[in-house]
1. From GLY339, GLY355, GLY330, GLY368, grab the single residue that is loosely packed, with under 15 Cβ neighbours inside 10 Å, within 27 Å of the chain's Cα centre (by Cα) and either at pLDDT 95 or above or at positive phi (or both).
2. Any idea which of VAL241, VAL270, VAL256, VAL295 is farther than 30 Å from LEU348 by Cβ, touching a residue at least 60 places away in the same chain (Cβ under 8 Å) and assigned to a strand (DSSP E or B)?
3. Kindly evaluate GLU31 against the criterion of being more than 14 Å from ligand 1 (Cβ to nearest atom), at pLDDT 95 or above, more than 18 Å from VAL140 (Cβ to Cβ) and among the acidic types (Asp, Glu).
4. Consider ALA160 carefully, then state whether it is buried (at least 20 other Cβ atoms within 10 Å of the Cβ) and within 27 Å of ILE114 (Cα to Cα).
5. Among (1) within 16 Å of ligand 2 (Cβ to nearest atom); (2) at positive phi; (3) more than 25 Å from the chain's Cα centre (by Cα), where does LEU81 come up short?
6. Can you tell me which residue among VAL229, VAL211, VAL217 is under 26 Å from VAL345 (Cβ atoms), part of a helix (DSSP H, G or I) and either in contact (Cβ under 8 Å) with a residue 24 or more places away in the chain or within 13 Å of ligand 1 (Cβ to nearest atom) (or both)?
7. Take the residues of the range 163-186 that are among the charged types (D, E, K, R) and crowded, with 19+ Cβ neighbours inside 10 Å: which is farthest from ligand 1 (Cβ to nearest atom)?
8. Here are some conditions: (1) among the small types (Gly, Ala, Ser); (2) within 16 Å of ligand 2 (Cβ to nearest atom); (3) closer than 19 Å to LEU207 by Cα. GLY178 meets all but one. Which one does it not meet?
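The values are calculated or read from the model by the stated rules, or taken from the named source; none is laboratory data. The shown structure was predicted, so the numbers you read here are calculated from the model rather than taken from an experiment. So basically every Cβ, Gly included, is an ideal-geometry build from the backbone, and we count neighbours across all protein chains shown.
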Amino acid sequence: MSLIVQKYGGTSVKDVERIRNVARRVVATREAGHRVAVVVSAMAGETDALVRLAQEAGGPDPDPREYDVLVSTGEQKTIALLAMAIQRLGHAARSFTGAQIGMRTDTSHTRARIQSIDARHILDTLDEGTVAVIAGFQGVDDDGNVTTLGRGGSDTSAVAVAAAVHADVCEIYTDVDGVYTTDPNLVPAARKLSKISFDEMLEMASLGAKVLQIRSVKFAMQYGVPIHVRSSFSDVEGTWVVREEDAMEGLVVSGVTYNRNEAKIRLRGVKDQPGVAARLFGPLGEAGIVVDMIVQNVGQDGSTDITFTVPRTDYRKALEIAERAGVEIGAAAVAGDEGIAKVSVVGLGMKDHAGVASRMFRVLADEGINIQLISTSEIKISVLIEAKYTELAVRALHAAFVEAGAAEPRAES
Ligand code: ADP
Ligand code: ASP
Ligand code: MG
């Protein structure tokens, strides 16, 4: 008998019909003799609708504590409905909010981090033969305030629950049947990966492949939780996220990702002297803004340009801070641009394969796409381009590296 944590995303619980489908899957797993804890998201579209309501009532930046109280209600609806649907099939089920399973987080509302979970409660429920149905995305801080974990956070709730109860597997059920070489909804030629390493999955998640939230992958890596990403509409085997040594798929590039949720800010003609970058990025950090790509040009005549990107949700705040800092550091101009996208290629194979960057730049040049910024790490290359070329860039890179690259296995080291 195994202990299985199953997570069902928004599209899998979009209406009562789908919730009943999930209930049947959960019951089938119980009847196969396993103990099951289920983590659910809000019904599809529900969180977006709650965010819109919050902005209607509270303006563009509603009070974060009240925002969390509101948006966490989406998941609370789903747990009750799913518990009822499981009970109707003759099985015991009980719903739990984040607070009820002691899902403790820090106090950073809207992007809280999980600190601990009271596994005892969940395990007692499972030992009774009852299915525990747990609300994803939400937690509670030390003072009892409701917190949420950031968009897509139910993935992280599920992996954290799986780690806490030492589950044999954390199954992430979604609307695609696994992790693909690129977004299958954008590129029909995308190919399902049977396995992917934690490191590659981490890069893909942080570079825009929203199939798993980044922190869920970090947790899984840290606590050794096996993740199986699969479809809630079929029984086909999905994708296993595994350790590097078990992940050989033979591709140099195993994924192409895109992220249209960033914005670019450029300070022109700032003084080329020590302390300038610190005076710009210090206040951004203090405001909790996570800066992504940064490029400082080679100085000329005592001045230089600094360009960086931030999440689009922080764009207004970041631009204001840059304008204020710009006055202090003598910038000639500060300009922002929301019409950009970051496109990346990811693959462990890059570690022992030269020429990926030059090939990537050639592919983009052949499509007439201009590269604005570049950043690299050992296993990824990202470029910033005009947003309107996103789809073209992703398709061209996928064709060049994955569709053509399949015939070119990477060197085994
Ligand atoms: P859920 O609501 O189940 O959490 P999400 O919408 O958060 O589902 O994530 C699933 C979506 O992720 C897919 O519908 C797909 O469009 C998108 N996606 C982006 N990149 C990838 C990828 N490389 N592999 C699979 N899905 C991807
Ligand atoms: N409902 C939340 C969201 O839409 C959390 C999740 O679905 O993972 O972001
Ligand atoms: Mg999701």
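1. From the options GLY339, GLY355, GLY330, GLY368, the qualifying one is GLY339.
2. That would be VAL270, the only listed residue that is farther than 30 Å from LEU348 by Cβ, touching a residue at least 60 places away in the same chain (Cβ under 8 Å) and assigned to a strand (DSSP E or B).
3. Answer is yes for this residue.
4. Criteria met by ALA160.
5. Unmet condition: (2).
6. VAL217
7. Out of the qualifying residues, it is GLU171.
8. Failed condition: (2).
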